[in-house]
Amino acid sequence: MSSVVLINPPVPGKKPALKIPALGIAYLASALRNENIGVKIIDAPALGLDLEAVSKEVSELKPELVGITATTPLSNSAYQLARLLRKEVKWIILGGSHASAVGNKIFEECPELDFGFRGEAEEVFPAFARKLLNGEKNLDLPGVIRPGRESDPVLIPELDRLPLPAWDLLPMSSYRHPLSPGRQVATMLTSRGCPYQCIFCDKSICGIRFRPRSPEHVLKEIELLYHDFGVRTIIFYDDLFTRDLERVKEICRKILERGIKISWKCEARANILNASILGEMRKAGCEVIAFGIESSHQKSLDWLNKGVTVEQIKEAVRLTKQAGIKVLGYFIFGLPPETYEEELQSVEFAIGLGLDYVQFASLSPFPGTRLYDLAVEKGWYREAAGPAPEEYGERRPLVITDYWTEDRLQQILKQAYRRFYFRPGYLFRTALRSGGIWDLIKSGLNLIRWLGRSG
Ligand code: B12
Ligand code: SF4
């Protein structure tokens, strides 16, 4: 019997093309286990479980405490689960980016919850769970919220003191990433936090201070994944992997030195890279870098407070491609400073830059962002499945203005995807790269399905 079950709730809608580890609850499971608290993880999206199947599994495990993680788009799914489990579980706690962003509001949205948690929980949650299981009364620890009690999000200052995620409790063989078909994939965070202030970014969990793990601590995890779990592709989801280029260089050097043959992807900002580090990254297995390009118009980059210029984007993409690394560009549509025609110019810009992949998404004011406050103030805030990836849940916030109606957004996204991906030259190059037309049909369609739906 496990005292605690941690759940990544089901994603409603279609089968997700992307299945990646629920890293946050894997960290928590590891911390609980270090304190000898029995714990199991149910990663419902990875296992393809729906709400009923998760509820059945929980009934069999009979935990006293259930912890659910949720982003805002998944909060409805988490709430439905809490309702289903209410009768059979003694305590239910919600953590993750939604609870961190909205705090006490989660209890209005879902009275079935007993507690919530704001921020990073590896250090507090085991102590909290222990107190709860021991029947103690004073449970008001930092980050813990309950109806009527608010708390500030907790940030862990020193990441090297955290245990590695409990990889052995995750359904590793279920994970896959369309950019690496057929390979065992894992995700990692080698740092947390980012000092930039893009208006659409939710800082309520990782905060604005860049907190790196040391290269040695990072390598410990890479080696574990490589040797013990057969991982051959790692996706680094750090907010700002390239904040400290000396650290990146050291990580690359150690990967090579230890003979680890992995391919990896990271996210980067266009104003930070240079040719020399890109060369080191390529040698160490970096295959794809994703840049938040957002728009080809400087007025929009400024409006989004990106802190990047169009010239820097062009240069970063040129250098990355020159280093032999593929480029994925994220773009945002439905930007109030832009017209439909200007957004089409961003698509031509993406084509002109020779991007290998793009993801186009609608502008979304998530709680916890400056954009959210602005959207509420201007009356632009709407919640809808809308022109958004249905696999990301039904609670997607949108910016809807007199000009950027849902229909117009829908139309631009469709047109943009068609224009970028269904070019004969692009399809031909992708077919060559993926080993021929049949491989493209097998793996490439999955890729296009993912690119067309996420972001
Ligand atoms: C990796 C990632 C993804 C992956 C998801 C992988 C997965 N299976 O989880 C992919 C690419 C699919 C993705 C998609 C999306 N993402 Co995303 N993503 C991230 C990213 C970069 C890292 C998440 C992560 O692994 N963090 C590391 C772990 C350690 O943190 P954690 O999961 O939050 O868990 C900690 C705490 O939250 C807490 N905790 C978590 N769960 C629980 C549960 C309990 C019981 C307790 C006590 C504590 C607790 O303790 C954990 C350990 O410290 C974050 C940014 C960030 N810095 O967190 C954005 C982020 C979570 N994503 C975000 C968004 C908006 C999206 C999308 C809508 C895409 C988009 N931009 O339009 C979709 C929605 C997906 C969905 N279904 O929810 C926002 C969420 C904002 C919000 N208010 O919800 C974030 C915060 C980005 C941002 N800064 O704005 N994402
Ligand atoms: S979007 Fe990226 S660069 Fe901008 S603030 Fe968030 S993490 Fe930092």
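Within the same chain, aspartates and glutamates fewer than 8 places from Lys131 are excluded, and of the rest, those with a Cα less than 18 Å from its Cα are Glu35, Glu64, Asp114, Glu122, Glu123, Asp140. The modelled label-to-label distance between Lys105 and Lys249, using points 7 Å beyond Cα along the C-beta direction, is 4.4 nm. Positive end of the dipole of the chain (Cβ unit charges, origin at the Cα centre): among Leu141, Gln345, Pro9, the Cα lying farthest that way belongs to Gln345. Only helical runs count toward this figure. For the chain, summing -39,500 (n - 2.57) over DSSP H runs of n ≥ 4 and dividing by all residues gives -11000 deg cm²/dmol at 222 nm. A convex hull fitted around the alpha carbon atoms of the chain yields 135 Å³ per residue.
Dividing the mean sequence gap of close Cα pairs (under 8 Å, 6+ apart) by how many residues the chain holds gives a relative contact order of 14 percent. Normalised radius of gyration (Cα atoms, divided by 2.2 N^0.38 Å) for region 245-369: 1.15. Taking every protein chain into account, the accessible area of region 4-145 amounts to 37 square angstrom per residue (probe 1.4 Å). Can you tell me what share of the DSSP beta bridges in the chain is antiparallel? A percent to the nearest 5 is fine. Looking only at bridges with both residues in the chain, the antiparallel portion is about 20 percent.
Positive end of the dipole of region 176-453 (Cβ unit charges, origin at the Cα centre): among Ala384, Gly329, Leu398, the Cα lying farthest that way belongs to Gly329.
Nonpolar atom fraction for the chain, defined as the carbon and sulfur part of the 1.4 Å probe accessible area, stands at 52 percent.
A straight chain from Asn34 to Arg130 at 0.36 nm per residue would run longer than the Cα-Cα distance by 33.4 nm. Accessible surface for region 176-453, divided over its residues, is 41 Å² per residue with a 1.4 Å probe. Note the angle between two axes, namely the Cα long axis of helix 406-421 and the longest principal axis of the Cα atoms of the chain, as a number of degrees from 0 to 90, rounded to the nearest 10. Tilt of helix 406-421: around 60 degrees. Across region 4-145, the fraction of Cα-Cα pairs farther apart than 27 Å, rounded to a whole number, is 12%. Heavy-atom accessible surface of Glu383, to the nearest 10 Å², is about 90 Å², with a 1.4 Å probe and all protein chains retained. The simple spin-label model puts a point 7 Å past each Cα toward its Cβ; for Gln345 and Leu164 those points are separated by 5.0 nm.
The values are calculated or read from the model by the stated rules, or taken from the named source; none is laboratory data. All of these numbers come straight from a predicted model, not from anything done at the bench. A quick note on method: Cβ atoms are made from the backbone with ideal geometry, for glycine too, and the neighbour counts reach across all protein chains shown. Only protein heavy atoms, including side chains, enter the accessible area calculation; ligands, DNA and RNA are left aside. Shrake-Rupley method; radii C 1.70, N 1.55, O 1.52, S 1.80 Å.
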